[in-house]
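What follows is a short report on a single structure.
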Amino acid sequence: YREPFRPFAPSILAESAEEWFDLPHDRACHAAPYMLVVAPFLAGRGERVPAVRHVDGTGRLQTVSSKSNPLYAKLISSFEDASGVPIVLNTSFNENEPVVNTPAEALDCFLRTKMDLLVMGDLMIQRV
């Protein structure tokens with residue numbers, strides 16, 4: 001239920017950030033684990049991921065490294081292997097409520113929405 005002007009955010013493998021975004025060279029923006037960096041997509045890149053591209057051609061990126069978050073990095077790497085894109089869509093996990101904070105809240109949110117899949121650590125729950 002997002003407004004069109006407020007797109008989702010891209011989670012990107014840290015080592016791929018400079019291949020997708022025009023990052024300032026005066027600081028190490030390739031380490032942006034908390035979605036505090038907004039950067040323009042490089043030409044031809046943002047069009048490949050329209051759900052995470054702002055109307056002005058930027059994205060509020062979250063970089064993910066195998067050192068800081070190995071499971072999430074492995075998920076993004078697997079998606080890149082399948083699609084050629086080292087980016088997955090990132091959003092807060094909630095529906096008209098505070099952000100999900102516990103496994104019980106995650107399951108409750110999953111069950112009352114139309115999500116297809118819920119992944120928590122090594123556990124995957126798929127709607128059938």
Open item on the list: What's the number of the only condition in (1) within 20 Å of Glu19 (Cα to Cα); (2) open to solvent by 50 Å² or more (accessible area, probe 1.4 Å) that Gly59 fails to meet?
Closed with: (2)
TODO: Pull up region 75-98, narrow it to residues that are in contact (Cβ under 8 Å) with a residue 60 or more places away in the chain and not β-branched (Val, Ile, Thr), then point me to the one that is least open to solvent (accessible area, probe 1.4 Å).
DONE: Pro86
Task: Members of region 64-82 that are under 15 Å from the mean Cα position of the chain (by Cα) and in a helix (DSSP H, G or I) - done: Pro70, Leu71, Tyr72, Ala73, Lys74, Leu75, Ile76, Ser77, Ser78, Phe79, Glu80
TODO: Tell me, yes or no, whether region 41-52 has at least one residue that is modelled with pLDDT under 90 and either charged (D, E, K, R) or in a strand (DSSP E or B) (or both).
DONE: no
TODO: Check off (1) in a loop (DSSP other than H, G, I, E, B); (2) at pLDDT 90 or above; (3) surrounded by 12 or more Cβ atoms within 10 Å (Cβ to Cβ) for Asn101 and give me the number that stays unchecked.
DONE: (3)
Task: Phe110 without any contact (Cβ under 8 Å) to a residue 12 or more places away in the chain, on the phi < 0 side of the Ramachandran plot and buried (at least 16 other Cβ atoms within 10 Å of the Cβ) - done: no
- [ ] Just give me the residues in region 118-128 being open to solvent by 80 Å² or more (accessible area, probe 1.4 Å), not β-branched (Val, Ile, Thr) and not in a loop (DSSP other than H, G, I, E, B), in sequence order.
- [x] Leu123, Met124, Gln126
- [ ] Filter region 37-56 down to residues that are without any contact (Cβ under 8 Å) to a residue 24 or more places away in the chain and of a type in the set (A, V, I, L, M) and give me whichever is nearest to Ser16 (Cα to Cα).
- [x] Leu42
TODO: Mind counting the residues in region 1-40 that are in a loop (DSSP other than H, G, I, E, B), closer than 23 Å to Ser92 by Cβ and modelled with pLDDT of 80 or more?
DONE: 6
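The values are calculated or read from the model by the stated rules, or taken from the named source; none is laboratory data. Nothing here was measured: the structure is a model prediction, and the numbers come from that model. In this analysis, Cβ positions are derived from the backbone assuming ideal geometry, glycine residues included, and neighbour counts consider all displayed protein chains. Remember, those area values only see protein heavy atoms, side chains included, never the ligands or the DNA or RNA. Shrake-Rupley method; radii C 1.70, N 1.55, O 1.52, S 1.80 Å.
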